[in-house]
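So the structure is just underneath, and the comments pick up after that.
The values are calculated or read from the model by the stated rules, or taken from the named source; none is laboratory data. Small disclaimer: the values here were computed from a predicted structure and weren't measured. Every residue, glycine among them, receives a Cβ derived from its backbone with ideal geometry; neighbour counts consider all protein chains shown.
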Amino acid sequence: MKKSVLLATAALALPAVLFAQKTKPEITAQIDATKKTYDEIALKIWGYAEIGYKETQSSGLLQSTLKAAGFSIQAGVADMPTAFVATYGSGSPVIGILAEFDALPGVSQTADPEKKPRPEVNAGHACGHHLFGTASTHAAITLKNWMQATGQKGTLRLYGTPAEEGGSGKIYMVRAGLFNDVDAVLHWHAGDRNAVRLNSSLANKSGKFRFRGVAAHAAASPERGRSALDGVEAMDHMVNMMREHVPDSTRIHYVITKGGEAPNVVPAFAEVYYYVRSPNRETVVDVWDRVTKAAQGAAMGTGTTVDWEITGGVYELLPNEALARAMHANLETVGGVPYTDEEKSFAAKIGKTLFGKPTAVETAALIMPFDPKSASSGGGSTDVSDVSWTTPTVGLNAATWVPGTPAHSWQAVAAGGTTIGLKGMIVAAKTIALTGVDLFTQPELLKKAKAEFEQRRGPGFKYESMVGNRKPPLDYRD
């Protein structure tokens, strides 16, 4: 057995008396008592920095930790080798916790406040999923120990969800029916402040457009060639003109992932990778259809051919106020992330590298007010959204980054490898565990959340995946 698993087993074998009175202080005390174990797990996953659908070591470490703690493991679910479901208990209620663990490509960084890529990897946890997966596991094991010690009835599940970053891993788990019997789902995300919001998110559809032409000598016989890169560039130009004629809240992003081999060879193959986002999925579908028509027109105009592959697609998040209020109350109980002098020094150095108006480091120690009237669609997309249309779902943000740090940045990777990230992770673990206690012990909360869920979802709703019936794109990062 690996050292990390042995440490986890030893740390988790604490006396059941810790939970005898079912009190929330005992839950948080258990999390504090086992913090070192999970710090080590999070930093290992931070070091692995494995991208979507290739998180073999990261997923394996979380699975072995959960198995050692008494969970049964179902691995490789929904046709995804790194996806898993860890289960403890039986019967109702069924409470789920989400765990992510994929890194982003091209954001390699050491745990330093200056930009220093790690030479051994070409990826980094710029969205904090190493903390996400570990904190969720920490919370799940703590809840399991509480259930075991107190005789609490019900089923607890930890869902190991791969490839959130563009691979839409959770939608395949939803499509496989893995959430159909769940009463509520808890999750969290790394961030630069502590908050529970009633926000939605942006629906998103993504895919790769592949143009094929005819290679030729670009100087000696260009008339005999047809440039696949011309097809890509013509498509991009038409889509960029389209931006004026889509709803203001729509976002369209692309990168050219393949543009040819040499300037003097007419490219026979080129590829461009697109995202389309909007606050509602109907707009996404409409705009995506227009993007595909632009691709077809570009191919026609350049004498090339084009095909495309849908690689991801997610709904907008369905909020739940009943669950959000309960989670916010627990977050207030837990509190924020106060910095030591050393952490303040690190934060000051990071702050000098950030664009925009500086944010006070003291913000990390605060809990943002809960204001349902200020709800918005946010600026990002997540496959948690598809889960939220299947069962009542709630999440929080915890201050794992220096305040003012944007996601998907080297600064986020750096802070995530330090005590700043680890402290925020513990805030999340405690908040999820305490909210889990509420869900197991307060049937009226679940009933209220379910009623709201049905009202927001609307009558006659039937889930249909944005990616259709395609299998998980296990090679989407290749």
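Tabulated data for the structure shown
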{"quantity": "Unique match (being over 22 Å from LEU396 (Cα atoms) and in the same structural domain as MET327 (by TED's automatic domain parsing)) among GLY96, GLY70", "calculated": "GLY70"}
{"quantity": "Tally of residues being surrounded by 21 or more Cβ atoms within 10 Å (Cβ to Cβ) and over 18 Å from CYS127 (Cβ atoms) across the range 42-62", "calculated": "1"}
{"quantity": "Qualifying residue in the range 283-303 (condition: over 25 Å from PRO473 (Cβ atoms), of a type outside the set (Asp, Glu) and in contact with a strand residue (DSSP E or B) (Cβ under 8 Å, 6 or more places away or on another chain))", "calculated": "yes"}
{"quantity": "Failed item in (1) more than 26 Å from PRO473 (Cβ to Cβ); (2) at pLDDT 95 or above; (3) of a type outside the set (Asp, Glu), with SER249 passing the rest", "calculated": "(2)"}
{"quantity": "Unique match (being at pLDDT below 95 and closer than 28 Å to TYR274 by Cβ) among GLY151, GLY167, GLY191", "calculated": "GLY167"}
{"quantity": "Residue count, the range 175-196 (criterion: in a strand (DSSP E or B) and of a type in the set (S, T, N, Q))", "calculated": "1"}
{"quantity": "Qualifying positions in the range 376-409 - hydrophobic (A, V, I, L, M, F, W, C) and in contact with a Ser or Thr (Cβ under 7 Å, 6 or more places away or on another chain)", "calculated": "VAL384, VAL387, LEU396"}
{"quantity": "Residue among THR161, THR137, THR155, THR142 that alone is touching a residue at least 60 places away in the same chain (Cβ under 8 Å), in contact with a Ser or Thr (Cβ under 7 Å, 6 or more places away or on another chain), of a type in the set (Ser, Thr, Tyr) and crowded, with 24+ Cβ neighbours inside 10 Å", "calculated": "THR137"}
{"quantity": "Whichever residue in the range 204-256 is hydroxyl-bearing (Ser, Thr, Tyr) and without any contact (Cβ under 8 Å) to a residue 60 or more places away in the chain and, among such residues, is farthest from GLY312 (Cα to Cα)", "calculated": "SER221"}
{"quantity": "Some residue of the range 312-320 being within 25 Å of the chain's Cα centre (by Cα) and either hydroxyl-bearing (Ser, Thr, Tyr) or surrounded by fewer than 17 Cβ atoms within 10 Å (Cβ to Cβ) (or both)", "calculated": "yes"}
{"quantity": "Only one of VAL291, VAL265, VAL272, VAL276 that is buried (at least 19 other Cβ atoms within 10 Å of the Cβ), under 15 Å from ALA228 (Cβ atoms) and not hydroxyl-bearing (Ser, Thr, Tyr)", "calculated": "VAL272"}
{"quantity": "Count of the range 354-372 residues which are more than 10 Å from PRO403 (Cβ to Cβ) and of a type in the set (Asp, Glu)", "calculated": "1"}
{"quantity": "Flag for LEU198 being surrounded by 24 or more Cβ atoms within 10 Å (Cβ to Cβ) and farther than 30 Å from ASP475 by Cβ", "calculated": "no"}
{"quantity": "Number of positions in the range 213-232 that are surrounded by 18 or more Cβ atoms within 10 Å (Cβ to Cβ) and in a helix (DSSP H, G or I)", "calculated": "5"}
{"quantity": "The range 293-341, residues that are without any contact (Cβ under 8 Å) to a residue 24 or more places away in the chain, charged (D, E, K, R) and in the same structural domain as VAL437 (by TED's automatic domain parsing)", "calculated": "ASP341"}
{"quantity": "Sole exception among (1) among the acidic types (Asp, Glu); (2) touching a residue at least 12 places away in the same chain (Cβ under 8 Å); (3) not assigned by TED's automatic domain parsing to the domain that holds ASP383 for GLU452, by number", "calculated": "(3)"}
{"quantity": "In the range 380-402, the residues that are among the acidic types (Asp, Glu) and in a loop (DSSP other than H, G, I, E, B)", "calculated": "ASP383"}
{"quantity": "Residue that is modelled with the lowest pLDDT, among those in the range 358-380 that are out of contact with any Asp or Glu (no Cβ under 8 Å at 6 or more places or on another chain) and within 28 Å of GLY177 (Cα to Cα)", "calculated": "GLY378"}
{"quantity": "The lone exception for GLY96 - which of (1) surrounded by fewer than 18 Cβ atoms within 10 Å (Cβ to Cβ); (2) under 22 Å from LEU131 (Cβ atoms) it fails", "calculated": "(1)"}
{"quantity": "Among residues of the range 419-468, those that are part of a loop (DSSP other than H, G, I, E, B), under 22 Å from the mean Cα position of the chain (by Cα) and of a type outside the set (Asp, Glu), counted", "calculated": "5"}
{"quantity": "Some residue of the range 144-155 being assigned to a strand (DSSP E or B) and more than 17 Å from ILE73 (Cβ to Cβ)", "calculated": "yes"}
{"quantity": "The range 106-133 residues that are assigned by TED's automatic domain parsing to the domain that holds GLN63 and in contact (Cβ under 8 Å) with a residue 60 or more places away in the chain, paired with ones that are acidic (Asp, Glu) and in a loop (DSSP other than H, G, I, E, B) (beta carbon under 8 Å, 6 or more apart)", "calculated": "ALA123/GLU50; CYS127/GLU164; CYS127/GLU165; HIS129/ASP102; HIS129/GLU164; HIS129/GLU165"}
